[in-house]
Amino acid sequence: MATAQEHRPQRSSDWADGWTPFNSGRPRAARVPERGSYSRSAAPRHGAHPAVDALVAVVTLIVAFVLMNLAENRTMSLVDFMTMRISVKNVMLIAVLSYCWVALFRSFGLYDARRIMSWEEETLRVIGACLLGALVALIFPVTSVSRAFRFDTTALFFVAVVGTTLIARRIGHMLTERGMTGGVRNLVIVGSGPRARRAYREMCLGDQPQYVCLGFVDSEPVPMNGTPIRMLGGIAELESLLVQEPIDEVLIALPIKSQYAGVQRALRICERMGVQATYLADVFEHGLARPRFEQAESLAVVTLPTRADDSRLMVKRGIDIIGATCAVVLLSPVLLVTALAVKMTSPGPVFFIQPRYGFNRRRFPMIKFRTMVVDAEQRMKDIEHLNEAAGPIFKIKKDPRLTKIGSFLREASVDELPQLFNVLLGHMSLVGPRPMSVRDVSRFSEATLMRRFSVLPGMTGLWQVSGRSSLTFTDWIALDLKYIDNWSLMEDLRILLITVPVVVRGRGAM
């Protein structure tokens, strides 16, 4: 499941700088840190799901009802509650509340994926939606025949549901965006005219900036007039820039009338590379009319994601955390025994840490059990001619650098188990394309291959359950792109279930 090349970890600063892909000789675009261009108060996207909000409301309502009855010293067990309080009428009322709750949250813009709002703004919107939702919940005391559900219960429900909803949404934000990008979204703006500068001011400056702007790209640059961002090159350099830097989004702010060809070229480059492109929606000048959907106050945009980009990512991240935690606990004896075996059978560290390419081409330290000798990297040049894999990857069945138990650990895929900690840290997912080494990526012949890094890498994926090392590099990439284009939670579950027998049989392991 892993490449045969191994070497000692280096400083994280060495992983992020000084590498030029393809050996193309293209000039490397300079990275310019943006002064004060990110605030953690900016709420990331897709941190909530309507079903989650409705469930939180219903559970909070039931808890408030039980607490109020306990406060009145009424004896009521859970069995009594289930038999006496759950009726057809109450189920219908809960359904009405859930429907109205989601509708209110949607009307307050809390499910608008195009809107990036501050945490303070989201809090105020949640309070407003919950207040109206609590008014809807008055149907319970009004229709209560036994008077067990009183008006003060609704007041307690309002206070409690605001807190629980904010906590749930905050957790949702942390499970999605922070796990994938560390909370920082890197932006490149295509264009340098008035529209580009206005977009820069609204999205990257101010009290609550939304992005870190790496710079401007324009084949016909306009003087920046003191804007503290340098030009990164023309549109011809955009593809190379997207390969070299971990860019999350490209904002196209070129004038449509005079630069249509440039806009189309930039969009095609982003699509090939798997980078989300956004272009300004103010194609035509207007006076009284206002766009229905807004971002950054008055900046209307159209977003073109190249992968699944919705609230299902929150569910996927939750599954990753729960699954990895359970796996670490259950497999802790295996982890301990393997660590002792690696230490006792060969000199050197137990773990091998290697920089790999992850989400949006960000590099991260991938953790494995060491299966090779310590000087494996230095001996790499002596065995390059033995490579049995086509394409940029390096694999041989009987690598002379393997330790005494290295072959067994690889065939059983036990060496991959420490990557569960990478999953918990948000570097990886349980299912996704395999992360690739810097050496392999630097030998990519086409920039379009970088699209496989538009999602979180995984411990297992379509490649692993379809033959692993017995497949060609072309087949490997085709399976990765098929997974990205057709991703679903059910597909992840299917791959996880298939992985177990595949690993037990050791099919295709090298």
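The values are calculated or read from the model by the stated rules, or taken from the named source; none is laboratory data. All of these numbers come straight from a predicted model, not from anything done at the bench. Note: ideal-geometry Cβ built from the backbone for every residue, glycine included; neighbour counts use all protein chains shown.
Structure values in brief
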{"read-out": "Any hit, region 113-132, residues being at pLDDT 80 or above, loosely packed, with under 15 Cβ neighbours inside 10 Å, more than 30 Å from the chain's Cα centre (by Cα) and not assigned by TED's automatic domain parsing to the domain that holds GLU202", "value": "yes"}
{"read-out": "Some residue of region 400-407 being under 30 Å from ARG169 (Cβ atoms) and either outside any loop (DSSP other than H, G, I, E, B) or not polar (S, T, N, Q) (or both)", "value": "no"}
{"read-out": "Single match in LEU496, LEU481 (criterion: in contact with a helix residue (DSSP H, G or I) (Cβ under 7 Å, 6 or more places away or on another chain), in contact (Cβ under 8 Å) with a residue 24 or more places away in the chain, surrounded by fewer than 24 Cβ atoms within 10 Å (Cβ to Cβ) and not basic (Lys, Arg))", "value": "LEU481"}
{"read-out": "Residue in region 169-185 that is modelled with pLDDT of 85 or more and either assigned by TED's automatic domain parsing to the domain that holds CYS270 or surrounded by fewer than 16 Cβ atoms within 10 Å (Cβ to Cβ) (or both) present", "value": "no"}
{"read-out": "Of all residues in region 484-493 being assigned to a loop (DSSP other than H, G, I, E, B) and of a type outside the set (Gly, Ala, Ser), the one that is surrounded by the fewest Cβ atoms within 10 Å (Cβ to Cβ)", "value": "ASN486"}
{"read-out": "Residue in region 417-424 that is touching an Asp or Glu at 6+ places or on another chain (Cβ under 7 Å), surrounded by fewer than 18 Cβ atoms within 10 Å (Cβ to Cβ) and among the aliphatic types (A, V, I, L, M) present", "value": "no"}
{"read-out": "Breaking point among (1) at pLDDT 85 or above; (2) in contact with a strand residue (DSSP E or B) (Cβ under 9 Å, 6 or more places away or on another chain); (3) over 26 Å from ILE477 (Cβ atoms), for GLN276", "value": "(3)"}
{"read-out": "Residue in region 453-470 that is farthest from the chain's Cα centre (by Cα), counting only those that are assigned to a loop (DSSP other than H, G, I, E, B) and buried (at least 18 other Cβ atoms within 10 Å of the Cβ)", "value": "TRP463"}
{"read-out": "Number of the exception - VAL190 against (1) over 30 Å from SER219 (Cβ atoms); (2) modelled with pLDDT of 75 or more", "value": "(1)"}
{"read-out": "In region 328-362, the residues that are among the charged types (D, E, K, R) and either at pLDDT 90 or above or more than 30 Å from GLU239 (Cα to Cα) (or both)", "value": "LYS343, ARG356"}
{"read-out": "Selected residue [assigned to a loop (DSSP other than H, G, I, E, B), closer than 30 Å to ILE247 by Cβ and small (Gly, Ala, Ser)] from GLY348, GLY391, GLY318", "value": "GLY391"}
{"read-out": "Test: ARG356 is on the phi > 0 side of the Ramachandran plot and buried (at least 18 other Cβ atoms within 10 Å of the Cβ)", "value": "no"}
{"read-out": "Region 128-152: number of residues that are over 15 Å from ALA103 (Cβ atoms) and in a loop (DSSP other than H, G, I, E, B)", "value": "8"}
{"read-out": "Unique residue being in contact with a strand residue (DSSP E or B) (Cβ under 9 Å, 6 or more places away or on another chain) and more than 19 Å from GLN464 (Cα to Cα) when the list is PRO392, PRO418, PRO355", "value": "PRO355"}
{"read-out": "Residues that are assigned to a loop (DSSP other than H, G, I, E, B) and more than 30 Å from ASP248 (Cα to Cα), drawn from region 351-388", "value": "ARG370, THR371, VAL373, VAL374, ASP375, ALA376, GLU377, GLN378, ARG379, ASN387, GLU388"}
